[in-house]
Ligand code: SF4
């Protein structure tokens, strides 16, 4: 984000998307290239398994857990406590901040190492830590890059995919002193060397949690860099921030869900590291934290769950596959969506977590092509949820005046065959491009594309000819 960038908030989507299209073509190049690679790896990884059955199973496991959420969360709490974990319930971001502040105060924390957690982004944890005088250090390479750049993530799995290799070369040259022609593995090695000091000196590690098994109280985390393993095992204290929708019934469910998530996210059979956090270090263990806290975070999730249609978004495993295949996301990148979650999942979950008033116009940031649902490993019917939020927009009178008047005019014509026919004839002779520029309601369309001319013969003409 540059100083001239539009505001970073969902309500500024239209301006931000237009800015991205016009002013930052390099973002489109970087995002397009990375997402095409992710997507082809996913397709390859799905090809050698019975993905339909597997996805049905994952949908059912997550759906069952969500429809019995109270039962499994209470069971998870009992299991965690039995394992020696401190459990906290957080209804809001402020509740999470209070838990973190208490841990920071109790242990005199000065530096925190963090693994990638979209939930911590959602909760503004870094800003909160800084307000406490604590230095947060992102240890995932992509998160490390955007922290140096002071930017929000632009993708769930690859937070820095909007940046090119050359951007990173310049950044690392300026901040870490690496040569400007460094290769990617040399840049990664420089980041690792810088982070090693932080891992060793940090008093607290903060992670997210991909899944939480209720029967054993196991927090499961998947990754490729080894930084989560270090974040959760080197510092004296570990805090895991886990959304309440991450609970699953059984430890046995983890194997299938972790593998499916990895295949959908990066096309790997499984991430290079899987950490199963069972509690603090016990007497005979040589490493691991002395104290583990799990914060079960609501922050709007139960409100979303009460929506009979939109609740299905809570099945999301944050694999990013829907972003990678989305033609809209590929054009604009993630910052245009103005919040933690971008792409198709952002367009359906942000209205639920933030409220429709703050999230508009995200449900309209889609052509409804359905490609996202085809790749979703837990079969979230994303287009249906987008339409649901659009209907709610209309029902609550939040759609624009131009749209309301336009639809009213259309309804009036559609009820009068003679008037409809006359209007259709008039439209066939309308110079579309000029009309688009003149009419505010159409100008957005014709700025980016030529409107197709209507067919000289209408459906009614063809129908009549067919009958005669
Ligand atoms: S909606 Fe589906 S495809 Fe998109 S991030 Fe969530 S689980 Fe992955």
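Quick note: the coordinates plus some simple rules give every number you see, no bench work behind them. Computed from a predicted structure; not experimentally measured. Cβ coordinates were reconstructed from backbone atoms using ideal geometry, including for glycine residues, and neighbour counts include every protein chain displayed.
So what does log10 I(q)/I(0) come out to for segment 51-301 at q = 0.08, 0.15, 0.16 Å⁻¹, using the Debye formula with one equal point on every Cα and no solvent? For segment 51-301, the Cα-only Debye profile gives -0.31, -1.09, -1.23. Just to be sure I understand the curve: with the Debye formula and one point per C-alpha of segment 225-286, what is log10 I(q)/I(0) at q = 0.21, 0.27 Å⁻¹? Log-scaled intensity ratios, in q order: -1.09, -1.28. Compared with the dominant principal axis of the Cα atoms in the chain, helix 165-176 is inclined by about 40°. A viscosity of 1.002 mPa s and a temperature of 20 °C, combined with the Kirkwood radius over C-alpha pairs in the Stokes-Einstein formula, give segment 255-388 a diffusion coefficient of 129 µm²/s. What separates the Cα centres of segment 274-298 and segment 37-111 is a distance of 15 Å.
Extension gain residue 60-residue 411, at 0.36 nm per residue separation less the Cα-Cα distance, in nm? Walk me through the intermediate numbers first.
Working: separation 351, 0.36 × 351 = 126.36 nm, distance 4.09 nm.
Working it through step by step, the gained length comes to 122.3 nm.
Taking the three principal axes of the alpha carbon atoms in the chain, the coordinate ranges are 90, 54, 45 Å, sorted in descending order.
Relative contact order of the chain, taken over Cα pairs closer than 8 Å and 6 or more residues apart, is 21 percent. With a Förster radius of 41 Å applied to the beta-carbon distance between residue 250 and residue 165, the computed FRET efficiency rounds to 0.45.
Here the simple spin-label model places points 7 Å from the Cα toward Cβ, and for residue 285 and residue 369 these points are separated by 4.6 nm. Put in order of Cβ neighbour count within 10 Å, fewest first, the listed residues 67, 139, 303 become 67, 303, 139. Distance from the C-alpha centroid of segment 187-203 to that of segment 219-234: 14 Å, rounded to the whole angstrom.
If you average 1/r across every pair of different Cα atoms in segment 4-84 and take the reciprocal, what Kirkwood value do you get, in Å?
Numbers: mean 1/r = 0.0573 Å⁻¹.
It is 17.4 Å.
Full extension of the chain segment joining residue 192 with residue 132 gains 19.0 nm, where the gain is 0.36 nm per residue of separation less the Cα-Cα distance.
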